[in-house]
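Read the structure below first, then the notes.
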Amino acid sequence: MEEKGKQIRLTAGEIAQLWIQYLNDSSSMCVLSYFLEKAEDVEIKPIIKFALELSQSHIQKITAILTEEKNVVPCGFSIKEDVDLSAPRLYSDTFVLNFINQMSKIGLISYAGSVAASVRNDIKSYYMECLTETMQLFKISTELLLSKGLFIRSPSLPNLEKVEFVKKQWFMLDVFGEKRPLTAAEVDALFANLQRNALGVATLTGFSQVAQNKDVKQFFLKGLEIGNKHIKLFRGKLEESKLPAPMAWDSEITNSTAYTFSDKLMMFYTSGLVTLSVGYYGTAVSQSPRGDISAMYNRLSLEVQLFAEDGANIMIKNGWLEQPPMASDRDELIRKKNQ
């Protein structure tokens, strides 16, 4: 790309964002194509179609950018190899709508980060366009969830009647087991992380039913165990303050055990969700001054990171983990030169 007569190369940040987005969108194309094929709700179907069209458009644009810059295009995923569109229904339309709504929330955070990481005007403009599109997807999916009575709101708190200042360390530490009420930020983080885990458990339930590889199935079952434990802990913290918790999504999974998605695709999706959990838990720590809450998130984050390592090992063993762009290994280049 020419700017003022000079060739401006992509930065490491720009390359990294384009590379991971290509993988995300190519995997989304497979999953959304299957969801669209199985959709029956006439209101939900157009939203799935819109989400699919966004992923298809992104793939075309990223391919063009990388090709022009003489960068290899990732292998990613394909409908031919990674999904069976004729497989029986695995998830309900209600689950799919919630899944798309959650993915759009993740997309908003991701694309905002991509805009901030972009230097070149064309790359920045592209991600601003992605951000606008994803805002629209989030808007229409949220509106449909609300109209169907399916949107799960976080708990409401009493109105703030006066400004107060913290007077005791009790605000941050539980002295002799005494705990203060949760702050609004702590409530929101607990509720959101519980909701994400509930949707993740439902996703892994479906994945575990259709997984072909024994190691992959066991990995998903371990993920279900971890997810359910985290849900129980988050629910317990909310119930301590007499606050409601969101429902589970287990009933939105069918009994199908037929091949639907490739193990490679399901492992990629799961690894992505696990990585996001680490980020969300880290954010929750920064928003949770209460000692027991922050300690809980730190403990759970470590558990998730160890689980992520197990997933990476399975992907490496099966040749499924595509290596991201890396800096040159100068020592290796020198050794080759001297041979």
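The values are calculated or read from the model by the stated rules, or taken from the named source; none is laboratory data. Bear in mind that the values here come from a model prediction, so they are computed numbers and not experimental data. Here Cβ is always computed from backbone atoms with ideal geometry, including for glycine, and neighbour counts include all displayed protein chains. Please note that ligands, DNA and RNA were not included when accessible areas were found on the heavy atoms of the full protein model with its side chains. Shrake-Rupley method; radii C 1.70, N 1.55, O 1.52, S 1.80 Å.
Couple of notes before you dig in:
- Subset of region 56-73 (residues that are among the acidic types (Asp, Glu) and open to solvent by 70 Å² or more (accessible area, probe 1.4 Å)): Glu68
- Residue count for region 250-304 under the criterion of being β-branched (Val, Ile, Thr), surrounded by fewer than 19 Cβ atoms within 10 Å (Cβ to Cβ), in a helix (DSSP H, G or I) and in contact (Cβ under 8 Å) with a residue 24 or more places away in the chain: the result is 3.
- Only one entry in Gly107, Gly76, Gly113 is farther than 22 Å from Lys139 by Cβ and either at pLDDT 95 or above or open to solvent by less than 50 Å² (accessible area, probe 1.4 Å) (or both), namely Gly76.
- Selection of region 8-55 for residues being at pLDDT below 95, open to solvent by less than 40 Å² (accessible area, probe 1.4 Å) and not in a helix (DSSP H, G or I) yields only Leu10.
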